[in-house]
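The values are calculated or read from the model by the stated rules, or taken from the named source; none is laboratory data. Fair warning: this is a prediction, and the values are worked out from it, not measured in the lab. Reconstructed Cβ throughout: ideal geometry from the backbone, glycine too, with neighbour counts over all protein chains shown. Just so you know, the surface numbers come from the protein's heavy atoms only, side chains and all, with ligands and any DNA or RNA stripped out. Shrake-Rupley method; radii C 1.70, N 1.55, O 1.52, S 1.80 Å.
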Amino acid sequence: MSEDKKIIFSGIQPSGFVTLGNYLGALNNWTKLQDEYNCLYCIADLHTITVRQEPAKFRKTARELLMQYIAVGLDPEINIMYYQSHVHQHAELSWILSCFTYMGELQRMTQFKEKSQKHSDNINAGLFTYPVLMASDILLYQTDLVPVGEDQRQHLEITREIANRFNKLYGDVFKIPEAYIGKVGARVMALQDPAKKMSKSDENKNNTIAIMDSPDVIMSKFKKAVTDSENEVRMSEDKPGVSNLLNIYCAVTGYTVEQAEKEFSSSGYGDFKKAVGEAVVAKLEPIQKKFHDLENNKDYIDSIIKNNTERASYLAERTLSKVKKKIGFTPKVR
Ligand code: TRP
């Protein structure tokens, strides 16, 4: 990592496949940050076990997530992409910082309230201390900027709070991170219900496109996407379905909305939806090909995992050892 570049840190949970929404909204933009910043992307598998996972499926999903990162164009020799569970410093700092976080603060977290409602049969302590682990992820790397969605804003806020509290007691140990407000990606909505965001956890599979969906599946999902009764391809607030499809089309082709509206000015919805589907298939084709190549190259992926874990661990240890020293833990005897 070059010292003169700012550090960007983000994480994604390996809790399912990568959606077209994740890709157009986040990953595709991340590929453009790799020259200007030092970027770390953590596969946040420790966070994922706050909800029960089936072991074999969990392992497969996590492995595939890394391959999808690489397939969309995140260069694993420039960016540091690694598994949170491979870098023990995350869990260790998380314990330490939990002693600098108040119950009341955690109780106020919107996501905790929501998740404990949704998983009322399993309100475990990890679900409660989840933001402390996330703070540790970010603070371990002296992160300057965190690209976060709306849903994670509050977690970044508490991270800053914890870091400031610690620094006040012990001096300047942690860099205080800020939200990365860059070029925002496309906000992709559910195909059958364009009032809500496209989400990998959606029960209606027709709402979501996975970047690894086959061309047939993609075409059929776009064919079924909701529109409206007008048969006019135009961006408008009262045409959420059509607007969402236009947004997707523009994001994958690079056309402006005006260009796209013009292109479809004499098309019906059937032709329009087919064109959007085809554009998405074309955009994803090289990504899928790269993914399948990586699937057949186990040694390469293993070497990436090994190498990136080492890079991350080195940086994490620098911060953790400083934290331990400041707190007053007895130094190890060598
Ligand atoms: N909690 C985040 C999510 O579910 C994932 C995450 C873990 C993360 N650690 C992070 C995001 C650190 C940003 C920074 O989306």
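Run the numbers for Asn296 and Glu105: contour at 0.36 nm per residue of separation, minus the present Cα-Cα distance, in nm.
Working: separation 191, 0.36 × 191 = 68.76 nm, distance 4.64 nm.
Contour length minus the Cα-Cα distance gives 64.1 nm.
The charge dipole of the stretch 205-292, taken about the Cα centre with unit charges on the Cβ atoms of Lys, Arg (+1) and Asp, Glu (-1), comes to about 460 debye, rounded to the nearest 20. Rounded to 0.05, the FRET efficiency of the Trp95 and Glu285 pair, given R0 = 30 Å and the Cβ-Cβ distance, is 0.10.
The value of relative contact order for the chain, using C-alpha pairs under 8 Å at least six residues apart, is 21 percent. In the chain, if the dipole is taken from +1 on Lys/Arg beta carbons and -1 on Asp/Glu beta carbons about the Cα centre, which of Pro286, Ile8, Asn28 is farthest to the positive end? The residue sitting most towards the positive pole is Ile8.
Farthest towards the positive end of the charge dipole of the chain, among the residues Gly270, Ala190, Val257, is the Cα of Ala190, using unit charges on the Cβ of Lys, Arg, Asp and Glu.
If each residue of separation counts as 0.36 nm, what is the full-extension length gain between Lys306 and Asn231 once their alpha-carbon separation is subtracted?
Working: separation 75, 0.36 × 75 = 27.00 nm, distance 5.34 nm.
Difference between extended and current length: 21.7 nm.
What residue among Tyr69, Tyr141, Tyr269 has the largest mean-square fluctuation in a Gaussian network model of the chain, using Cα springs under 10 Å? Of Tyr69, Tyr141, Tyr269, the Gaussian network model singles out Tyr269 as fluctuating most.
Taking 7 Å steps out from each Cα toward its Cβ at Asp172 and Lys60 produces label points 5.0 nm apart.
Shown in residue order for the stretch 96-108 are the 3J(HN,Hα) couplings computed by the Karplus curve 6.51 cos²θ - 1.76 cosθ + 1.60 at θ = phi - 60°: 4, 5, 5, 7, 10, 10, 9, 3, x, 4, 6, 5, 7 Hz (x for Gly and Pro). How many percent of all Cα-Cα pairs in the chain sit more than 38 Å apart? Roughly 21 percent, rounded to a whole number. Remark: the stretch 205-292 carries 51 Å² of accessible area per residue (probe radius 1.4 Å; ligands, DNA and RNA excluded).
Stokes-Einstein diffusion of the stretch 190-288 at 10 °C, 1.306 mPa s viscosity, Kirkwood radius from Cα pairs, rounded to a whole number: 117 µm²/s. 3J(HN,Hα) along the stretch 250-266, derived from phi through the Karplus expression 6.51 cos²θ - 1.76 cosθ + 1.60 where θ = phi - 60°, amounts to 5, 5, 7, 9, x, 6, 7, 4, 4, 4, 5, 4, 5, 4, 9, 4, 10 Hz, with x in place of Gly and Pro.
Applying a threshold of 29 Å to the alpha-carbon distances of Lys6/Lys60; Lys205/Lys239; Lys57/Lys332; Lys197/Lys224; Lys183/Lys224 flags Lys6/Lys60; Lys57/Lys332; Lys183/Lys224 as lying beyond it.
For the stretch 213-229, the Karplus equation 6.51 cos²θ - 1.76 cosθ + 1.60, evaluated at θ = phi - 60°, returns couplings of 4, 6, x, 4, 5, 4, 4, 5, 5, 5, 4, 8, 4, 6, 10, 7, 8 Hz by residue, with Gly and Pro reported as x. Starting from the 7 Å offset along Cα-to-Cβ, what nm value, one decimal, do you get for the label separation of Lys325 and Ile123? It is 4.3 nm.
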